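**Student:** Quick one: structure below, then a few questions.
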């Protein structure tokens, strides 16, 4: 490509309901790796996050439904979080004026090996979207010292046949070798009437499957931090285990359902919950080495912390202990409900600043 060619613009959109530190990391990192804009939809009021992100160049900060849900069914707030994500991402694609838009969650980070814009520029005009394959963060020690530490495992196509060789009985918690989704996420080319779903774009709002042409990214992966801390992961599992919505159930595969059920069974047993977190997201040294030998584990500094320090300085504390303290405040209503319904106490799972 000639050096004078204008590269396509790209951005990221997420619907966020997380402590301010994670929102700050999401914003700082993506701006640092080349996103022209980062679109953040706060799914409920969060004054601290709003104050932190207000006025940051490149950040477009909005609240879910601040347009009155005018494009939605009867202009009502969708009950399902996934539908609100779809609505907000589609709105951002239509309004942003960017050439391409990545839709992901606040705990997912685009990781390009080189300029992501170059990857997008090489996509033929017939491609409606680029697929970002997922890499899932896993922990290499039981007491994490940094919020974004660890290594990244890739989905394992032959996991059903060979996964038990590494994980033993823990394999029942994993889908193709990862704890969360293996579907990846999308970077969608802007076009009239296009809709962005959770994992891929749709030609029309009511479509349920992908019919738009795409290719995988040859350059970037999506790094998924499925639980920034043990408490963060356990709260996610308990929330999903106790959430009820009308209509069709939110689909979860058998491994995810097994995680949720195991968390619910251990809800009054902090040691059991901590062991569950490690079973699902931890790797012992021999396991890490075995995955690495198969080319399915990547190590190295993500650089996320450095981008946060550069943009926000000392305003953001990325220590695991500070994150857990903020998480308990942010999820106070959920925690109260879990306590009243199941007897859950988050305190024993919280990481302390004295964690060795």
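The values are calculated or read from the model by the stated rules, or taken from the named source; none is laboratory data. Just so it is clear, the structure is predicted and the values come from calculations on it, not from any experiment. For neighbour counting, all protein chains shown are included, and Cβ atoms are generated from backbone atoms with ideal geometry for every residue, glycine included.
**Student:** Return the residues of segment 259-273 that are part of a helix (DSSP H, G or I) and touching a helix residue (DSSP H, G or I) at 6+ places or on another chain (Cβ under 6 Å); say none if nothing qualifies. Before the answer, list the steps.
**Tutor:** Within segment 259-273, the subset part of a helix (DSSP H, G or I) is 259-265, 270-273.
Result: 259, 260, 262, 263, 264, 270, 273.
**Student:** What do you reckon, is residue 114 over 16 Å from residue 187 (Cβ atoms) and either surrounded by 14 or more Cβ atoms within 10 Å (Cβ to Cβ) or in contact (Cβ under 8 Å) with a residue 24 or more places away in the chain (or both)?
**Tutor:** no
**Student:** Something else about it: Every residue in segment 259-286 that is in contact with a strand residue (DSSP E or B) (Cβ under 9 Å, 6 or more places away or on another chain) and surrounded by fewer than 19 Cβ atoms within 10 Å (Cβ to Cβ), please.
**Tutor:** Answer for segment 259-286, where residues must be in contact with a strand residue (DSSP E or B) (Cβ under 9 Å, 6 or more places away or on another chain) and surrounded by fewer than 19 Cβ atoms within 10 Å (Cβ to Cβ): just 278.
**Student:** Further question on the same structure: Of the residues 302, 298, 309, which is without any contact (Cβ under 8 Å) to a residue 60 or more places away in the chain, surrounded by 13 or more Cβ atoms within 10 Å (Cβ to Cβ) and closer than 24 Å to residue 152 by Cα?
**Tutor:** It is 309.
**Student:** Okay, moving on. Residues in segment 329-345 that are farther than 14 Å from residue 237 by Cβ and either touching a strand residue (DSSP E or B) at 6+ places or on another chain (Cβ under 7 Å) or surrounded by fewer than 18 Cβ atoms within 10 Å (Cβ to Cβ) (or both): how many?
**Tutor:** Total meeting the criteria: 10.
**Student:** Being buried (at least 16 other Cβ atoms within 10 Å of the Cβ) and not in a helix (DSSP H, G or I) is true for just one of 291, 318. Which residue is that?
**Tutor:** None of the other options fit; the residue is 318.
**Student:** Checking the conditions here, which among 14, 92, 35, 23 is in contact with a strand residue (DSSP E or B) (Cβ under 8 Å, 6 or more places away or on another chain), part of a loop (DSSP other than H, G, I, E, B) and surrounded by 21 or more Cβ atoms within 10 Å (Cβ to Cβ)?
**Tutor:** Selected residue: 35, the only one of 14, 92, 35, 23 that is in contact with a strand residue (DSSP E or B) (Cβ under 8 Å, 6 or more places away or on another chain), part of a loop (DSSP other than H, G, I, E, B) and surrounded by 21 or more Cβ atoms within 10 Å (Cβ to Cβ).
**Student:** Just checking: which of the strands (runs of 3 or more DSSP E) contained wholly in segment 158-258 hold 1 or more residues that are in contact with a helix residue (DSSP H, G or I) (Cβ under 9 Å, 6 or more places away or on another chain) and buried (at least 18 other Cβ atoms within 10 Å of the Cβ)? Please lay out each step first, then the result.
**Tutor:** On the way: elements: 185-189, 214-216, 220-224.
It comes to 185-189, 220-224.
**Student:** Taking the condition of being crowded, with 17+ Cβ neighbours inside 10 Å and closer than 20 Å to residue 204 by Cβ, how many residues in segment 41-71 meet it?
**Tutor:** The total comes to 1.
**Student:** Let me ask you something else. Quickly run through segment 222-253 and pick out the residues that are touching a strand residue (DSSP E or B) at 6+ places or on another chain (Cβ under 8 Å) and at pLDDT 95 or above.
**Tutor:** Across segment 222-253, the qualifying residues are 222, 223, 224, 225, 226.
**Student:** Of the residues 132, 140, 98, 120, only one is touching a residue at least 40 places away in the same chain (Cβ under 8 Å) and within 18 Å of residue 26 (Cα to Cα); which? I'd like the intermediate steps shown before the answer.
**Tutor:** Details: 140 fails: within 18 Å of residue 26 (Cα to Cα); 98 fails: within 18 Å of residue 26 (Cα to Cα); 120 fails: within 18 Å of residue 26 (Cα to Cα).
Answer to the check: 132.
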